[in-house]
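Single-structure report; data block below.
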Amino acid sequence: MDGMAKTTTTTQGLRAAIERSGYYPALVAEAVEAAVGGEPIRSYLVHQETTFDQNEVRRHVTVLVLTGNRFIVSHTDEQAADSTSPTPYATTSTESVKLGRISSVVVSRVVANPEQYTPGTLPREVVLTIGWGAVSRIDLEPAACGDPDCEADHGYTGNSTADDLSLRVSEAGDGPETVRQALAFAQAVSEATADLTR
């Protein structure tokens with residue numbers, strides 16, 4: 001019974017967070033709820049971002065949901081009228097990833113005055129990066145040997161990085177509560193994927 005009450009509260013909390021974002025809440029909520037289906041929600045994060053594109057202001061919302069089996073990502077973007085549509089429109093997409101496919105969860109914290117840091121202090125900024133292998137970035141550079149006069153071709157060296165989702169929240173731009181929620185969501189995803197390896 002307690003689990004059911006928590007699930008209902010979490011579902012209601014997600015719906016309320018989507019409505020608070022004020023960004024086409026009926027559209028966003030319907031897409032997210034359809035992707036979640038009947039699964040209980042363990043954790044969620046709603047992040048709205050406003051960007052400036054030349055003379056236009058564009059909004060974008062990302063909703064992340066963690067269930068017992070899946071990680072769900074929903075993006076909604078608004079577009080101005082263009083050659084394909086005489087009226088403004090929005091595009092919503094959702095992706096559902098099995099937890100077992102998540103290969104990395106990276107949390108980068110930016111802390112002001114680190115010499116004065118005390119445990120529990122909220123970071124100024126958090127960047128959450130989650131990889132599951134759908135998108136990889138390869139950074140290459142020419143390889144070289146230790147001889148500064150060598151002109152031989154040594155091929156290339158580089159790194160491959162899983163970069164499926166990267167989300168940045170800051171205290172100044174998003175508020176301290178969103179930073180807290182981002183950290184809580186990151187911890188929930190990390191714990192859920194760690195449970196799979198035990």
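Here are the numbers for the structure shown:
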quantity	calculated
Contact order relative to length of the chain, as percent, for alpha carbon pairs under 8 angstrom and 6 or more apart	15
For segment 49-144, accessible area per residue (1.4 Å probe, heavy atoms of protein chains only), Å²	61
Estimated 222 nm signal from helices in the chain, with DSSP H stretches of n ≥ 4 weighted -39500 (n - 2.57), rounded to 500	-9500 deg cm²/dmol
Solvent-accessible area, 1.4 Å probe, carbon plus sulfur percent, for the chain	50
Estimated dipole of the chain in Debye, rounded to 20 [Cβ of Lys and Arg +1, of Asp and Glu -1, Cα centre]	1060
Extension gain (nm, one decimal) between Thr51 and Glu115, 0.36 nm per residue minus Cα-Cα	19.7 nm
Full-stretch length increase - Val106, Glu177 - with 0.36 nm per residue and alpha-carbon distance subtracted	23.6 nm
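The values are calculated or read from the model by the stated rules, or taken from the named source; none is laboratory data. Bear in mind that the values here come from a model prediction, so they are computed numbers and not experimental data. Note that each Cβ is placed from the backbone with ideal geometry, even for glycine, and that neighbours are counted across all protein chains shown. Side chains included, ligands, DNA and RNA excluded: accessible areas come from the protein's heavy atoms. Shrake-Rupley method; radii C 1.70, N 1.55, O 1.52, S 1.80 Å.
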